[in-house]
Amino acid sequence: MDPQEMEMSEEMIAAQGAKMDLPSRLLDAAGLGVDRLPMLHVVFDRMARQYIDTLRQMAATAPYLAVESVSNERIGDALEQYEDRAVVAVLHAQEWDARILLGFDRAFIFSMVEVLLGGDGEEEAFLEDRALTNVEQRLAYRMFQEAATALETAFEAIADTSLKVERLENRMEFAQTGRKSNPCVLAKMTAEIIGREGEIFIIIPQSVLNPLRENLTQVLSGEVAGRDTRWTKQFQQEVQRTEVQLTAILEEQRMTLEEVAQFEVGLVLELNATPKTAVQLECNGQPLFNCRLGQVAGSYTVRVEELIEQEGELLDDILSN
C-alpha cells in the first residue's frame, strides 16, 4: 500500500470514529435533559429524607420536605429567581473538582432559626429585609453543613464525593459557579415547618453531571434504588437496642372454664414435665427456640437447643392429627 492510500485509510478511520461518537457529542452540546437522568430524582428524594432525619435530631420539630421539581435551566436564570430572598452556600466537591450551589430562602432560614432556639410558631413570622445576625449566620451555616452531608450521602450510589461548605453568599451575583449562560440542573424542594412554608434549591452545573451521565441514566431496581446506608445503619442500631420480653413455657394444659373457676388459694397443679422436658421460649406468643431447663446460683435458667421452624412445626402438628 502506497503512502497516499495509507493516508486515505487513516482519514476514513478517523471519520468513522467521529461518526460513532456523534450521538455523545450532540448530547453534550445540547445538554442533558433531566428526563434522561432518572437517578437525579432518586438522589434528591434521598437527600430530603436524610435531611429531615438530621434536623429532627437538632430541633423538637422537624420540617416536612418534598421535591417540587427538577428542571434544566441556565445558571444565571436560576439564580435570578432567588435574588434578594435567599442565602446560597457554595459547596466544593473535591473529587469532582467542581462547585455546587445549595440555597435556602429567607423564610426557611428564619423559621428554622426560631425552631432551633425553642420557638413553636405561635408568633408571626419574622421576614424583615435585613442581613442575618451573627447567631443566625452560625445557625444557618450549621444547617447548610448538614444539608451538604445529606446531599453527599444521597450521591453515594452514583459516585463518591465529599461536599464542603466554602462560603455563604447573600447576593446571587457572587454565587456564580461559571458563566450565567452555562446550563445547569435546578432542583427545588418545598419545606413546611411550624405552619410556615419555605424553599430549598440546588444548582448543579451541567459540566459536573456529564461525567456521571452513565450512572445517572441507569434505573436501579427496588432495594438498591431506595437504599440509604445511613438510615439502614441507624435502623439496625435502634432495632438491636429494642427491649423484648421472653416467656419460657415448661408445659401447657387444656382445662375447662368450670375447672378454672374452682381454683382456690393453695391449690397445687400437678405437671407432667420433668427436668428433661424441653422448654419453649416465646416472644409475644411467637415460638422462637426449644430450650433445656437448668439452674445456676439458685436461679432457674434455660439453654437454647434449637431454633423453632414455624413451617416444620405446622406440618408436624397436621401429620400428628
**Message:** Given the criterion part of a helix (DSSP H, G or I) and out of contact with any strand residue (DSSP E or B) (no Cβ under 7 Å at 6 or more places or on another chain), identify the matching residue among 259, 251.
**Reply:** 259
**Asked** Out of the residues in the stretch 190-214 that are open to solvent by 60 Å² or more (accessible area, probe 1.4 Å) and touching a residue at least 24 places away in the same chain (Cβ under 8 Å), which is farthest from residue 140 (Cα to Cα)?
**Response** 211
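Only residues that are among the aromatic types (Phe, Trp, Tyr) and not in a strand (DSSP E or B): list them for the stretch 184-210, please.
Residues satisfying the conditions do not exist here.
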**Complete:** The residue that is most open to solvent (accessible area, probe 1.4 Å), considering only those in the stretch 290-321 that are at pLDDT 85 or above and polar (S, T, N, Q), is 295
**Message:** Can you tell me which of (1) at pLDDT 90 or above; (2) in a helix (DSSP H, G or I) is the one residue 52 doesn't meet?
**Reply:** (1)
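Within the stretch 285-310, how many residues turn out to be outside any strand (DSSP E or B) and either touching a Gly at 6+ places or on another chain (Cβ under 7 Å) or free of Cβ contacts under 8 Å to residues at least 12 places away in the same chain (or both)? Don't jump to the end; show me each part of the working.
Just the residues of the stretch 285-310 that are outside any strand (DSSP E or B), to begin with: 285, 297-298, 308-310.
Cutting the leftovers down to either touching a Gly at 6+ places or on another chain (Cβ under 7 Å) or free of Cβ contacts under 8 Å to residues at least 12 places away in the same chain (or both) gives us 285, 297-298, 309.
Count: 4.
Every residue in the stretch 94-137 that is among the small types (Gly, Ala, Ser), in contact with a strand residue (DSSP E or B) (Cβ under 9 Å, 6 or more places away or on another chain) and either modelled with pLDDT under 85 or not in a helix (DSSP H, G or I) (or both), please.
Taking the stretch 94-137 as the starting set, the residues that turn out to be among the small types (Gly, Ala, Ser) are 98, 103, 107, 111, 118-119, 121, 125, 131.
Cutting the leftovers down to in contact with a strand residue (DSSP E or B) (Cβ under 9 Å, 6 or more places away or on another chain) gives us 98, 103, 107, 111, 121, 125.
Those that are among the small types (Gly, Ala, Ser), in contact with a strand residue (DSSP E or B) (Cβ under 9 Å, 6 or more places away or on another chain) and either modelled with pLDDT under 85 or not in a helix (DSSP H, G or I) (or both): 98, 103, 121, 125.
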**Item:** Candidates 154, 159 - the one that is among the aliphatic types (A, V, I, L, M), open to solvent by 10 Å² or more (accessible area, probe 1.4 Å) and either farther than 23 Å from residue 106 by Cα or in contact with a Pro (Cβ under 8 Å, 6 or more places away or on another chain) (or both)
**Value:** 159
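Restricting attention to the stretch 130-151, which residues are of a type in the set (D, E, K, R) and either open to solvent by 50 Å² or more (accessible area, probe 1.4 Å) or more than 16 Å from the chain's Cα centre (by Cα) (or both)? Spell out the reasoning first.
Let us first name the residues in the stretch 130-151 that are of a type in the set (D, E, K, R), namely 130, 136, 138, 142, 146.
Once the filter is applied, which keeps residues that are of a type in the set (D, E, K, R) and either open to solvent by 50 Å² or more (accessible area, probe 1.4 Å) or more than 16 Å from the chain's Cα centre (by Cα) (or both), the stretch 130-151 yields 130, 136, 138, 142.
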**Request:** Would you check if residue 168 is part of a strand (DSSP E or B) and over 26 Å from residue 115 (Cβ atoms)?
**Result:** no
**Prompt:** Can you name every residue in the stretch 253-286 that is among the charged types (D, E, K, R) and modelled with pLDDT of 85 or more?
**Reply:** 254, 258, 259, 264, 282
**Request:** Pick out the one residue from 22, 40, 65, 79 that is modelled with pLDDT of 75 or more and either over 13 Å from residue 204 (Cα atoms) or not hydrophobic (A, V, I, L, M, F, W, C) (or both).
**Result:** 65
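The values are calculated or read from the model by the stated rules, or taken from the named source; none is laboratory data. Just so it is clear, the model here is predicted, and its values are computed rather than measured. Every residue, glycine as well, gets a Cβ built from its backbone with ideal geometry; the counts of neighbours run over all protein chains shown. To get the accessible areas, we keep the full protein, side chains included, count just its heavy atoms, and leave off ligands, DNA and RNA. Shrake-Rupley method; radii C 1.70, N 1.55, O 1.52, S 1.80 Å.
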